[in-house]
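What follows is a single structure, written as structure tokens, with notes after it.
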Amino acid sequence: MLRSLGQRPVTGSDEDPRVVELRTAVSRLRRELAALRTEFPDRVIAEDELAALAAMAGGGLPEIPRLRRSLLLIAGAIGSVSALTRALTEVREAVDHFGQPPQPPP
């Protein structure tokens with residue numbers, strides 16, 4: 001909702017809002033994947049890459065090529081699981097923001 005008004009989320013620190021967004025999106029997808037009872041062949045790959053993304057987001061500014069590689073692996077692993085589409089889209093959008101320079105404060 002804040003994005004539609006051109007505002008940035010308040011994080012209480014000088015932390016890059018892209019990192020906060022990535023961490024939030026990865027956390028949501030990890031929760032939804034864990035709650036999904038359906039087994040599929042590449043689930044372990046998705047879980048491993050989500051853990052890698054979470055670690056990158058927890059360590060400050062992540063490497064963009066590594067972010068994109070992880071996103072491709074996750075999308076390939078869970079892309080056909082329709083229950084995870086929205087959460088996967090949020091992760092993709094968060095990763096895409098790293099291709100853009102950070103927005104200056106209003």
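No value in this document is a laboratory result; all are computed from the given coordinates. Not measured: the values here are computed from a predicted model. All Cβ positions, glycine included, derive from the backbone under ideal geometry; neighbour counts span all protein chains shown.
Please verify whether residue 62 is surrounded by 16 or more Cβ atoms within 10 Å (Cβ to Cβ), over 16 Å from residue 88 (Cβ atoms) and not charged (D, E, K, R), treating the condition exactly as stated. When the stated conditions are applied, residue 62 passes them.
For the stretch 65-94, the tally of residues that are surrounded by 14 or more Cβ atoms within 10 Å (Cβ to Cβ) and β-branched (Val, Ile, Thr) stands at 4.
Of everything in the stretch 34-59, what is within 14 Å of residue 76 (Cβ to Cβ) and surrounded by 10 or more Cβ atoms within 10 Å (Cβ to Cβ)? Give them in sequence order. Correct list: 40, 42, 43, 44, 45, 46, 47, 48, 49, 50. Restricting attention to the stretch 51-82, the residues that are touching a Ser or Thr at 6+ places or on another chain (Cβ under 8 Å) and under 17 Å from residue 32 (Cβ atoms) total 3.
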